[in-house]
Amino acid sequence: MGDNMIKGWSWTILALLVVMVVGSWEARMADSAPTAAQCKEERRVGINACKPVVYGKLPTPECCERIRVGHTECVCPVITPKLAALIDVNRFVKLIEGCGRRVPRHFKCGSITTP
């Protein structure tokens, strides 16, 4: 794989994680914490459901559902300062709000803080 292709896939994965992170701040408190295996599966399903967002499309109903049911404890730990520097948080906040969710001001997840 060429350097540009690797960077492209890195951006794709990062963008999808951000969509999940910003949209999943209200994980249900009654739910027990997910296991590492459950988190891995949740990230995989979310990334697959939200792939069109990376290509400039609006979130699909499946993507919006993933955003609504995601757990921050599954995604936040993987958002490093290096990854956060590549993200346009404002764009993703708008996408999340397009799924019918309000994004809290100054929400912190990993190295990302919403405006």
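Residue check: is VAL103 in contact (Cβ under 8 Å) with a residue 24 or more places away in the chain, assigned to a loop (DSSP other than H, G, I, E, B) and within 13 Å of the chain's Cα centre (by Cα)?
Details: in contact (Cβ under 8 Å) with a residue 24 or more places away in the chain: yes; assigned to a loop (DSSP other than H, G, I, E, B): yes; within 13 Å of the chain's Cα centre (by Cα): yes.
Considered against the rule, which asks whether it is in contact (Cβ under 8 Å) with a residue 24 or more places away in the chain, assigned to a loop (DSSP other than H, G, I, E, B) and within 13 Å of the chain's Cα centre (by Cα), VAL103 comes out as yes.
Which one of these does LYS40 not meet: (1) open to solvent by 30 Å² or more (accessible area, probe 1.4 Å); (2) at pLDDT below 80?
Answer for LYS40: the failing condition is (2).
May I ask you to list pairs of residues, at least six apart or on different chains, whose Cβ atoms are under 7 Å apart, with the first in the range 65-88 being more than 14 Å from GLU41 (Cα to Cα) and touching a residue at least 60 places away in the same chain (Cβ under 8 Å) and the second being open to solvent by less than 20 Å² (accessible area, probe 1.4 Å) and assigned to a helix (DSSP H, G or I)?
Taking only residues 6 or more apart or on different chains, the pairs are VAL78/LEU17; ILE79/LEU17; ILE79/VAL21; LEU83/LEU14; LEU86/LEU14; ILE87/LEU14; ILE87/VAL18.
Out of the residues in the range 73-101 meeting the condition of being within 19 Å of THR35 (Cα to Cα) and open to solvent by 30 Å² or more (accessible area, probe 1.4 Å), tell me which one is modelled with the lowest pLDDT. Can you show your working first?
Residues of the range 73-101 that are within 19 Å of THR35 (Cα to Cα), as a first pass: 73-79.
This time we only want the ones that are open to solvent by 30 Å² or more (accessible area, probe 1.4 Å), so: 73, 77-78.
Details: GLU73: 87, PRO77: 87, VAL78: 84.
Residue satisfying both the conditions and the ranking: VAL78.
So, in the range 41-63, of the ones that are in contact (Cβ under 8 Å) with a residue 40 or more places away in the chain and assigned to a helix (DSSP H, G or I), which residue ends up farthest from ASP88 (Cα to Cα)? Talk me through it step by step, then tell me what you get.
Keep residues of the range 41-63 that are in contact (Cβ under 8 Å) with a residue 40 or more places away in the chain, which gives 53-54, 58-59, 63.
Checking the rest, the ones that are also assigned to a helix (DSSP H, G or I) come to 53-54, 63.
On the way: VAL53: 13, VAL54: 12, CYS63: 19 Å.
If we take residues in the range 41-63 being in contact (Cβ under 8 Å) with a residue 40 or more places away in the chain and assigned to a helix (DSSP H, G or I), then CYS63 is farthest from ASP88 (Cα to Cα).
Has the range 55-62 got any residue that is open to solvent by less than 30 Å² (accessible area, probe 1.4 Å) and either hydrophobic (A, V, I, L, M, F, W, C) or in contact with a His (Cβ under 8 Å, 6 or more places away or on another chain) (or both)?
no
The values are calculated or read from the model by the stated rules, or taken from the named source; none is laboratory data. Remember, it's a predicted structure, so these values are computed and weren't measured experimentally. Positions of Cβ are generated from backbone atoms using ideal geometry, with glycine treated the same way; all protein chains shown enter the neighbour counts. Heads up: the accessible areas ignore ligands, DNA and RNA and are worked out on the full protein's heavy atoms, side chains in. Shrake-Rupley method; radii C 1.70, N 1.55, O 1.52, S 1.80 Å.
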